[in-house]
Every structure is written in C-alpha cells, then in structure tokens.
Amino acid sequence: MKILAGGTTTPGALILDFSGSSFHYNNDYGTGGGVTITASDPAVTIAKTASATTVTAASATVTYTLRATNTGTGSVTLNDFIDTPPTSPAATSYVSGSSKFNGAAIANPTSSGGKLTWSESFVVPAGTFRDLTYQMTIPNKPGTYTNSAVAMLDYTQIDTTQTTADNSPATASVTRTPLDKSVSPTGTVLPGAALTYTIAFSNGGVRVR
C-alpha cells in the first residue's frame, strides 16, 4: 500500500491470504479487524527567492533559489521541481548549464507547456534544507517579472505550506526599471579626478507618433 496524501482511512478489500489457488479478501470474510490508517502531510515546504529584486542594466541575469525545507524527523525525496517563468511583460530566458542542487551541477530542466521541470531524486534530510539554484535572463522591457514554483513528492504537490490540500506556489518578483546608470572611471580614483555619469533610459513599449 502506498500513502499518497495525508488523512485517515479504513482500508477495505485487502488480501488476507492466498490458499486453495485463490486470494481471500476481507470483503469476503468481514472487516479483517477494522484497521485504521492515519497519515500526516509531509513536513516539507519550498520557498523561492531572487538574487535581485530590481534590475536596470540592459542585460540582466538573475539567480533564483528554490529552497526545500524539511522540518520532519525523516528524510524526504522530492522527484520534481517545477517553475513557471513569466510571460508578461515579456518572456524570460533560462541560462543553460546554470542549474545546481545543494551546490552540485545538475541537468538542465525540460521545457513544456510554459514550465521548466527538473526531474531527479532530490533528497532533503530531516531537520535541514536543500537549495536548487538556476539563472534567468530578464529582457530589456520595464515591468515586474514574477516566477512561481512548486515541487512534487510522488503525486503530491509541495509548496509554501505543509497542507497538501491547498495550492500555494512559491513566488519571487523582479522589477525591471527603464533606467541604467553608470560611472566612468570605476574603482579607486585620485582626489580631484573628473567622473562621468551616464544615465540611459529604455522604452520597451510601442512608439506613438
């Protein structure tokens, strides 16, 4: 028997024995003692963060972290991490070869239906956490880019709460501003040196005449 979710149940129609070339079930011979099974929701949640909440450079790459935290007394093995990149105000791009789990490089995710999926055996020991990190490129169009992510424990969705009955994905937002400011020269300069500041504006919208 495989436990798929938290809750309480009384199993029925279970095999009691095999004799006389046939299986004997408790629906044939009573309740078999009325065994009740209570399963709790897994004590693991995920959170999502971004290395920057605001970007201004024309070419901006952000590192995202999916943190799985296990507060239970037993190890948990997640089989999938699933991220939904934003499509508005524009689509972000995954940086190939940037994925790591617990600091070790892992394979790139598969992309299907607008989702990125990492499929492996992701072990999260009891009483600790493990991070899956990867990078995305934010396009040069102003606005707020919000990613959402969940993990999977077999057929059970793991998100920001331990309750598996809800749907609470982990999210992280990055805002692209239309202003890019730089200074030249950079680094250490002598007193009295002239500094040149450059402020660049970008408009990712439609030109109106």
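Any chance segment 161-169 includes a residue that's at negative phi and assigned to a strand (DSSP E or B)?
In the first step, residues of segment 161-169 are kept if they are at negative phi; the result is 161-169.
Next, only the ones that are assigned to a strand (DSSP E or B) stay: none.
Scanning segment 161-169, I find no residue that is at negative phi and assigned to a strand (DSSP E or B), so the answer is no.
Counting only residues that are closer than 15 Å to PRO139 by Cβ and either among the aliphatic types (A, V, I, L, M) or surrounded by fewer than 15 Cβ atoms within 10 Å (Cβ to Cβ) (or both), how many does segment 55-88 have?
So the count comes out to 8.
In this structure, does PHE122 turn out to be farther than 15 Å from THR49 by Cβ, in a strand (DSSP E or B) and of a type outside the set (Gly, Ala, Ser)?
So PHE122 fits the description; yes.
Which condition breaks for SER184 when tested against (1) without any contact (Cβ under 8 Å) to a residue 60 or more places away in the chain; (2) within 18 Å of PRO85 (Cα to Cα); (3) in contact with a Ser or Thr (Cβ under 9 Å, 6 or more places away or on another chain)?
In the conditions (1) without any contact (Cβ under 8 Å) to a residue 60 or more places away in the chain; (2) within 18 Å of PRO85 (Cα to Cα); (3) in contact with a Ser or Thr (Cβ under 9 Å, 6 or more places away or on another chain), SER184 misses (2) alone.
What is the residue count in segment 101-110 for residues that are under 28 Å from GLY143 (Cα atoms) and in a strand (DSSP E or B)?
The initial filter retains those residues of segment 101-110 that are under 28 Å from GLY143 (Cα atoms), namely 108-110.
Cutting the leftovers down to in a strand (DSSP E or B) gives us 110.
Number of matching residues: 1.
Quick one: which residue in TYR145, TYR134 is surrounded by 14 or more Cβ atoms within 10 Å (Cβ to Cβ), closer than 27 Å to ALA60 by Cβ, aromatic (Phe, Trp, Tyr) and in contact with a Phe, Trp or Tyr (Cβ under 9 Å, 6 or more places away or on another chain)? Give the derivation first.
Numbers: TYR145 fails: in contact with a Phe, Trp or Tyr (Cβ under 9 Å, 6 or more places away or on another chain).
Exactly one of TYR145, TYR134 is surrounded by 14 or more Cβ atoms within 10 Å (Cβ to Cβ), closer than 27 Å to ALA60 by Cβ, aromatic (Phe, Trp, Tyr) and in contact with a Phe, Trp or Tyr (Cβ under 9 Å, 6 or more places away or on another chain), namely TYR134.
Anything in segment 80-108 that is within 13 Å of the chain's Cα centre (by Cα) and under 15 Å from SER148 (Cα atoms)? List them, or say none. Reasoning before the result, please.
Of segment 80-108, the ones within 13 Å of the chain's Cα centre (by Cα) are 80-85, 99-101.
Correct list: ASP80, PHE81, ILE82, ASP83, THR84, PRO85.
Just give me the residues in segment 46-78 being modelled with pLDDT of 95 or more and either in contact with a Lys or Arg (Cβ under 9 Å, 6 or more places away or on another chain) or outside the structural domain of ASN147 (by TED's automatic domain parsing) (or both), in sequence order.
ILE46, ALA47, LYS48, THR49, TYR64, THR65, LEU66, ARG67, ALA68, THR69, ASN70, LEU78
For a quick check of your reading of the model, give me the residue pairs whose first member lies in segment 35-46 and is over 25 Å from VAL150 (Cα atoms), whose second is modelled with pLDDT of 80 or more and surrounded by fewer than 11 Cβ atoms within 10 Å (Cβ to Cβ), with beta-carbon atoms closer than 9 Å and at least 6 apart or on different chains.
none
From ASN70, ASN102, ASN108, grab the single residue that is in contact (Cβ under 8 Å) with a residue 12 or more places away in the chain and on the phi > 0 side of the Ramachandran plot. Write out each step before concluding.
Values: ASN70 fails: on the phi > 0 side of the Ramachandran plot; ASN108 fails: on the phi > 0 side of the Ramachandran plot.
The conditions single out ASN102.
Every residue in segment 71-93 that is out of contact with any Pro (no Cβ under 7 Å at 6 or more places or on another chain) and assigned to a strand (DSSP E or B), please.
Residues satisfying the conditions are THR77, LEU78, ASN79, ASP80, PHE81, ILE82, ASP83, THR84, SER93.
Inside segment 148-178, can you point out the residues that are surrounded by 12 or more Cβ atoms within 10 Å (Cβ to Cβ) and among the aliphatic types (A, V, I, L, M)?
ALA149, VAL150, ALA151, MET152, LEU153, ILE158, ALA170, ALA172, VAL174
The values are calculated or read from the model by the stated rules, or taken from the named source; none is laboratory data. Just so it is clear, the model here is predicted, and its values are computed rather than measured. Ideal geometry is used to build each Cβ from the backbone, glycine not excepted, and the neighbour counts take in all protein chains shown.
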